[in-house]
Amino acid sequence: MSMRKVTLFLSPPHWLMHLKLKNSDPDGENMDLRATRTQPDQHLRLEKTIKIKQLLDKLHPRGRNHKLRAADVLQITAHSLQCHESCAEQELVKNYLQKLLMMNYRARNIQTKETDEQHHTQERDNDLSEDEEDIFDERCWSGLPNTSLDSVHPMDVQMAVFHFADSVLRQMMITKLSQCQFALPLLIPDPFTQQIQFPLWTFRQINKSWKIRNIDNKIISQVQPVYKAETPMVSFFRFGSVSSSKSQLMNSLINEKHHTFFHRNCPGSSKTRLLMDGVVEITWYCPSGKDTDTFTDCVAFCNLHGDAGDNEKQLKILTEISSVNVVLLPQLDKNDKNAIKIRELYRDKKPLICLLTEDESAAKQMKEKYKIGLKNRNQSDVSVELRRAIKDCFSYSASMFRLQDVSNHSDIGVDEEDDEYYRRGREAAQQMMSLLENKPLTEIKESLLPCQGKLWHQWCQKNKELHRPQGEELEQEISVKQIEMKNIREQQHESHISEFIKFFIKQMNSNAAFRMLFLKFLGIFMDEFTSADLSALHHKYDEKWSTVLEQKENHDKSEQLKAEQTELERISEELQAATLGLEHIMREIGQIYESCLSVKKDKKDLQFPFSSLPTLAAEMMISGYPLELMDGDAAHVPLIWITAVLDELIQKLGDQRVFVLSVLGIQSSGKSTMLNAMFGLEFAVSAGRCTRGAFMQLIKVSEEMKQQIKFDYILVVDTEGLRALELNGRSTRHHDNELATFVVGLGHLTLINIFGENPSDMQDILQIVVQAFLRMKKVKLTPSCMFVHQNVSDVTAGEKNMEGRRRLLETLDEMTKLAAQEEDSDAQCFSDVINFDVRHDVKYFAQLWEGSPPMAPPNPNYCENLQELKETIISQASKSGGMMLNQLKDRIQDLWEALLNEQFVFSFRNSLEISAYRRLETEYSKWSWTLRSAMLEIENKLHNQIENESIYEVSEGDLKSELKIKREEVKKSMSDFFDKDTDNVILLQWKESFEIKVKEIQGTIVRKTNTQLNEILQQKDLKRTIDAQKTHHENTLLEKSKELALKHKDKTNDEETLKREFDLFWEERVKKIKKETPPIKDIDILRDVKKVIRGFYERVPVDTWKGIKDMFIIPSYSDYVQLKKSRGITGPVKNAIKAAQQKFGCTLSEEDEMQIGNLITSIAQQTDKMVKSFDVAKTGYNISYIYQLTDYIKTRITEYEERQVEYVFKSEFFIDLVFYLFKIANKTFTDQYRMFREANDPVFYLEKKREEYYSIFQKFCQGATSAAIFGEIICQKLKEPIQQSVYKQTARDLADEMRSNCPSLNGNRSNLEKHTLKRLAEKEKFYNYLKYIKNPRNRFKSFIRNEVDQYIRTCFFTSVQPKMKQNIELLQKKIMTAAHGSTEHVQENSGDVDLWLRFFTQKLSDVLIFSVKDFSGVKRDDVDDFKLLEDVIIKDLLSVMSDINREFSTDSFNKILALSNRPEEILIDHFCQCCWVQCPFCAAVCTNTIENHDGDHSVPFHRIIGINGWFYHGTRNLSINICTSSVASDNHFFTNDLNDSDDSDDELPHWKWFVVRFQKSLEKHYRKTFQGSGRIPNVWRQITKQEAIESLDKNF
């Protein structure tokens, strides 16, 4: 006997203990099959067992020990996205589950591909020629394949799935079977041990609803869990083989149009059924309260499959629990082997109905016993007689059946008792529910869940008020509300934590298997606990609502109507209070967490740290439970709680990528039903109107699908129905708009669910939806949408569907126009708002039920529509990038914060965009830095070449060519960033503008460098005389020292004499040089400025320089102005009035103060540029520079006065401004002039060279060769150029390193601002703050200089000095290479020393300012030993390099390098070439990285306007308002011409701390007070310095 290799999973009966199989296993090994101690009937059982094992192995090769997990089945897989009408046998389980979970009752209509292929093969094998065919010849007929012989029976697939499934999947499966109106397995024999199991657990979630008429003929609705429902029960079983189908007969009693029980005539039925014998199935008939009902009350029907004689245990149980027994047998025969059992049934007091398949007689009765013949009788007649008989039997039998009582039978196993986790989970849930005993349902939430009641609602209301300011004293009101909110949090924290919640938290901290069952049981018991009261309350509400409507229709305005409405509101409140579920428990835990976090300590009696609470919710989400996103009762998002849960989710899963699917629709339109069926979710499905809000649930994507659709989870957001009435009858349009905007903004795709085709029903919801999409467009979010029309009568009618689409589009366009008016938009049609294809983005769904509930099964066409929709959703999702969980967290916060502010479009802050934009700015900073640093290298090289007279002109074209390689690198880096970044879809909108920015910065760098290099070319002529004179002095000294050495050749060993003679010689020559060369005098900027100013004004105060005022931080410029004189006829009168005003002082408006401040800033920036352009370090100082600067300042002031202003400046303004600006410039002038003097003054310059000349003098005396002496001269002349070169390179390297390693400098300008503010807060110096507020650019420069200085001092030995050493070594190698190359070149070309020198200097011209002209006058004709010359240079170069390295210190850059070459100036140039325009109210700085950029200015955070001197009109009270709050209010501003865009997130706590910390200083500075309306709120005083600093880290 050939069989497959199998493995037994469950303990077999004793007669199978020695079972051995003989077969060829996959490895070709033979195995024996024999059974020891078997009897003939046992042999049949053995054979069946083997077949069962083969069947199970075929359907589920991994075996029964590897359970089918619900979590795996519910994943998005490739298989789940395809519709399978036929499949391979190994996919039968997948196919069955896929259809069943979508409530498609055709799941049992199974076809296998093998059957189809076999049929076609047989057709080909039996082809005969026409001549051979004979209709009368039996041999010519071939048999078709008998599918019933070899195919898998559908019910075997169902039972196999049941055996394979884990507990969650079993329950889900049975629940879906119930929804499909199929019979459910009640008693299940184990396929191997025959041990009977009662799966009570699987019935727990099933509720049945029906309607009956009471004695008053009123219809009463009932909803009960089936395991508790007490109903009559009719048991059906058969003895022996019968010709009629018992199951088919039962179906005719329950639903003639539906195969409730699978029978022999159903599609796919076969004789190979293996797993159904002995299985007892149960179903319930539920009446609808109509006259057509088969039975007037709910009735249970049980069906024992197989011969009852072979299943005695099941028969015994059924006959004990039934109200009526119905038995099928061929006929009543005393000699039948089952006659004894039949006689026992007859003697039993319970009614008995015998259905005789071989009897043709009609129904007959003997007391409460009936017999009905079936043979040759009309099925309909039999059904009528059987129905009548059953009804009659009910009058005889008083016994009632309750499903959970089946567990009382001792000889069966009960899943909930046999498994420890079931038992513990149920007992824990029951223990928790016992805490609710004797408590009125409407009072439970208030007493056991106090944190989410009135306190939470009050907090929500205060929070909304906080975001929607009104009135004058804005910050005072805000402060009061913040204190009130904090008090509420403290009250929440102080409220007791009930034993109910403590018990729940304790159980949730158990292991995952227990936790899952505990939650399931708890949810079931809570639904059971509340259902009766809720049903009664809903009934009362409906009755009262009907009464109110009737009175309104009759235009009744009496007191009676008011009383009825009051009563309706009372019932409404009771309904809301009585609604209790898991979401309320989790809501309470969320509020416990938020209150603990607010007061920063654990709650008393909370047995676990409050920080662990989000873990519970995260684990529930991972397990497949929905999380309440928007509180249904408070209509509020608990943002702190949601954020914490998502953080914990990220901690557990990683930052996974999700696609968000949102669903919107009207009340009771089937949204949740659709989602639950499509994805197997757990959203509550109820016709009640109590539940509000939004829930989110995760659906995992399988590993195989992740490769295709590029995200890890689908996050489904289900919402409360739109256009619903509040329980108290009030309209909820505002709430609907909030909800729609929230979920549309959250979702990548929004399903808009529309029930039916009534245009008037559609209009309300469509306007809400369109308005939501319109808002999304305004804030640059681009979700997509799909419309789902449910309950459409004929979804196959193409013409009708096209007409429906056209009508929908017309309605959408009409709604767009209406919504556009409210949102101030110019959109005219829906396609202006969102990309929408009416042909593909509208789906039509068939009616959900196939017939009339409660006995109607789901419509298979509806299920097919679901499958198509699911495929379309995943197809659209695959084109989306989704978002990371971290981004989802930010998006939720952004949307909700914007909705709280009411003005959604104005206040929406897209964190995803902001985060992406900040990254883009950081990258832009890197790109611009790459170009700048490359250009610095190019500039340095060309500068050297100009100084060495290797080039004589530079053009922009040359610079662009030099920059080409780096430009291409930047271009590629940009392309990679925009293409490969995780947020590339968001970034795409800025790609073009940033490409333009990079081109602009490149152009700016090129133009600036070109200007600087051409200025060097122009200055070259000016410097030529100075350089020639310096070279002449050097070379003269060399020659004279050589002459002196020749005189003292005989005194070589007398070091003291030589030194004395050299010193006398040196002093004499220096005196002569001093006499021949006019000395470079010291400069006195103060003296020159006074001299120049006296050209404008005769008298300048003597102590002006000492008392220079900081023009940026002057509280008011009123003392610097006087009113203009008027002309014309009315001039004298006006002038008299002005003269009177002048006596009391001229008070400038805030606008005038601001404009004067802007003037000073602009002048300061330009004068700074002019001072740097003079390049004093190279060309020296000239008083003409002072004239140029003062002329410029005077011109700017005059131009300003000629504008439409009512005043002119006093002379003091010009004088103070000039002196202030020159005080700033003085350091630059003197520092640069010092460098010029050291480089060019003979006394300074030659004194530095004294030791070097003495060394050469010694060599002369010692008789060194000309080559050796010339080599030392070369090294002596190389020292200064080398020093300059390595210092410049090290400065550039240092700036580059700081851009990478220094936290304050490694990002964009906003990052630099954050660190600047942190430093100010740490130092706590008011005037530094004031300088930052009034002149942020200078403060940024100071900060960068301090950062560089600190970095150099801190990292000198670890980084700075090693860089210098590295650059010295690199340059040393270049010089050595150049020397060696020069020697080879001379030898190859038989050249002289001039050729050697020319070649040597040319090789170094790119890296050093070093040329042949430096040697003019130095005699070298007798140098002919070039190898010796090279050796001397290499040897002496080491000494030169060692000296440079030794002399290098933390202060060297400032001493050696020109200003523009220092590391701090390189970084200042990089960071400060941007926009510095300040908010006119609070002085916040525009963050745009381009100076003079297009578009409006914008800032991330605004400030308190009082810090900029604003005060309340008519008072001397400094304002504590934030400008964004003030703009949002009805307050007035006494200024104009504002053009700022506000994308800020209001103020930082940092600025509130600043106002408190420096209150006295601000009051003194502005000569005003924080009193009255400007009184500082107490809540500000609670902000610590540390919190202020932390707020900068958090928000920047």
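The values are calculated or read from the model by the stated rules, or taken from the named source; none is laboratory data. If you're wondering where the values come from, they're calculated on a predicted model, not measured in any experiment. Glycine also receives a Cβ, built like all others from the backbone with ideal geometry; neighbour counts cover every protein chain displayed. The area values use the complete protein model at the heavy-atom level, side chains included, leaving out ligands, DNA and RNA. Shrake-Rupley method; radii C 1.70, N 1.55, O 1.52, S 1.80 Å.
Below is a table of values for the structure above.
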read-out	value
Pro225 vs. criteria crowded, with 19+ Cβ neighbours inside 10 Å, within 20 Å of His539 (Cβ to Cβ) and not aromatic (Phe, Trp, Tyr)	yes
Qualifying residue in segment 197-214 (condition: in contact with a Leu (Cβ under 7 Å, 6 or more places away or on another chain) and assigned to a strand (DSSP E or B))	yes
Count of segment 29-41 residues which are exposed (fewer than 15 other Cβ atoms within 10 Å of the Cβ), touching a helix residue (DSSP H, G or I) at 6+ places or on another chain (Cβ under 9 Å) and either at pLDDT 75 or above or of a type outside the set (A, V, I, L, M) (or both)	3
Every residue from segment 624-653 that is acidic (Asp, Glu) and crowded, with 20+ Cβ neighbours inside 10 Å	Glu628, Asp631, Asp633, Glu648
Condition check for Ser1359: surrounded by fewer than 22 Cβ atoms within 10 Å (Cβ to Cβ) and on the phi > 0 side of the Ramachandran plot	no
Test: Arg45 is modelled with pLDDT under 75, farther than 27 Å from Ala877 by Cα, more than 34 Å from the chain's Cα centre (by Cα) and among the basic types (Lys, Arg)	no
Selection status of Leu1038, touching a residue at least 12 places away in the same chain (Cβ under 8 Å) and either of a type in the set (Phe, Trp, Tyr) or within 29 Å of Ala934 (Cα to Cα) (or both)	no
Test: residue in segment 968-981 that is surrounded by fewer than 16 Cβ atoms within 10 Å (Cβ to Cβ) and either of a type outside the set (D, E, K, R) or more than 37 Å from the chain's Cα centre (by Cα) (or both)	yes
Answer from Phe683, Phe695 - the residue that is in a strand (DSSP E or B) and at pLDDT below 95	Phe695
Matching option when the condition is in a helix (DSSP H, G or I), open to solvent by less than 50 Å² (accessible area, probe 1.4 Å) and closer than 18 Å to Val1499 by Cβ, among Tyr1329, Tyr1351	Tyr1329
Ser148 vs. criteria at pLDDT below 70 and open to solvent by less than 30 Å² (accessible area, probe 1.4 Å)	yes
Top-ranked residue in segment 48-70 [being open to solvent by 60 Å² or more (accessible area, probe 1.4 Å) and modelled with pLDDT of 85 or more; ranked as nearest to the chain's Cα centre (by Cα)]	Arg69
Qualifying residue in segment 793-813 (condition: part of a loop (DSSP other than H, G, I, E, B) and within 25 Å of Lys176 (Cβ to Cβ))	yes
Pair list, Cβ < 6 Å and 6+ apart or interchain, from segment 319-330 residues that are more than 16 Å from Tyr370 (Cβ to Cβ) to residues that are surrounded by fewer than 24 Cβ atoms within 10 Å (Cβ to Cβ) and polar (S, T, N, Q)	Pro330/Thr357
Identity of the residue in segment 581-597, in contact with an Asp or Glu (Cβ under 8 Å, 6 or more places away or on another chain) and farther than 18 Å from Leu649 by Cβ, that ends up surrounded by the fewest Cβ atoms within 10 Å (Cβ to Cβ)	Gly581
Any pair with Cβ under 8 angstrom, 6 or more apart, that starts in segment 554-573 at a residue that is charged (D, E, K, R) and ends at one that is assigned to a helix (DSSP H, G or I)	Glu564/Lys544; Glu564/Thr547; Glu564/Val548; Glu564/Gln551; Glu567/Lys544
Exclusive hit being open to solvent by less than 10 Å² (accessible area, probe 1.4 Å), touching a Phe, Trp or Tyr at 6+ places or on another chain (Cβ under 6 Å) and either at pLDDT 80 or above or within 17 Å of Trp896 (Cα to Cα) (or both), set His748, His789	His789
Neighbours by Cβ (under 9 Å, 6+ apart or cross-chain): first from segment 387-411, without any contact (Cβ under 8 Å) to a residue 60 or more places away in the chain and closer than 18 Å to Lys350 by Cα; second open to solvent by less than 40 Å² (accessible area, probe 1.4 Å) and of a type in the set (Val, Ile, Thr)	Ala389/Val324; Ala389/Val326; Ala389/Ile353; Ala389/Ile372; Tyr396/Val324
Any chance Ser928 is touching a residue at least 40 places away in the same chain (Cβ under 8 Å) and over 24 Å from Gln1402 (Cα atoms)	yes
Qualifying residue in segment 1560-1581 (condition: assigned to a helix (DSSP H, G or I), small (Gly, Ala, Ser) and surrounded by fewer than 18 Cβ atoms within 10 Å (Cβ to Cβ))	yes
The listed residue being surrounded by 13 or more Cβ atoms within 10 Å (Cβ to Cβ), small (Gly, Ala, Ser) and either modelled with pLDDT of 85 or more or part of a loop (DSSP other than H, G, I, E, B) (or both), out of Gly1145, Gly1157	Gly1157
Set Asn1014, Asn1010, Asn944: member being closer than 27 Å to Thr1179 by Cβ, in contact (Cβ under 8 Å) with a residue 60 or more places away in the chain, open to solvent by less than 30 Å² (accessible area, probe 1.4 Å) and in a helix (DSSP H, G or I)	Asn944
Residue satisfying all of: in segment 1362-1395; open to solvent by 30 Å² or more (accessible area, probe 1.4 Å) and among the hydrophobic types (A, V, I, L, M, F, W, C); nearest to Asn1301 (Cα to Cα) among these	Leu1370
Considering residues of segment 519-552 that are hydroxyl-bearing (Ser, Thr, Tyr) and more than 30 Å from Leu616 (Cβ to Cβ) only, the residue least open to solvent (accessible area, probe 1.4 Å)	Tyr541
Failed condition for His555, given (1) in a helix (DSSP H, G or I); (2) surrounded by fewer than 19 Cβ atoms within 10 Å (Cβ to Cβ)	(1)
Hits in segment 824-843 (condition: open to solvent by 20 Å² or more (accessible area, probe 1.4 Å) and of a type outside the set (D, E, K, R))	Ser825, Gln828, Cys829, Ser831, Asn835, Phe836, Val838, His840
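Results for (1) closer than 15 Å to Gly306 by Cα; (2) at pLDDT 90 or above; (3) in a helix (DSSP H, G or I); (4) open to solvent by less than 10 Å² (accessible area, probe 1.4 Å), shown as yes or no for each residue.
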| position | (1), (2), (3), (4) |
| --- | --- |
| Met155 | yes, yes, yes, yes |
| Val161 | no, yes, yes, yes |
| Thr175 | no, yes, yes, no |
| Ile188 | yes, yes, no, yes |
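A quick yes/no check of all residues on (1) in a loop (DSSP other than H, G, I, E, B); (2) modelled with pLDDT under 95; (3) out of contact with any Pro (no Cβ under 8 Å at 6 or more places or on another chain):
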{"site": "Thr296", "(1), (2), (3)": "yes, yes, no"}
{"site": "Asn303", "(1), (2), (3)": "no, no, yes"}
{"site": "Lys313", "(1), (2), (3)": "no, yes, yes"}
{"site": "Lys316", "(1), (2), (3)": "no, yes, yes"}
{"site": "Thr319", "(1), (2), (3)": "no, yes, yes"}
{"site": "Lys337", "(1), (2), (3)": "yes, yes, yes"}
{"site": "Arg343", "(1), (2), (3)": "no, yes, yes"}
{"site": "Tyr346", "(1), (2), (3)": "no, yes, yes"}
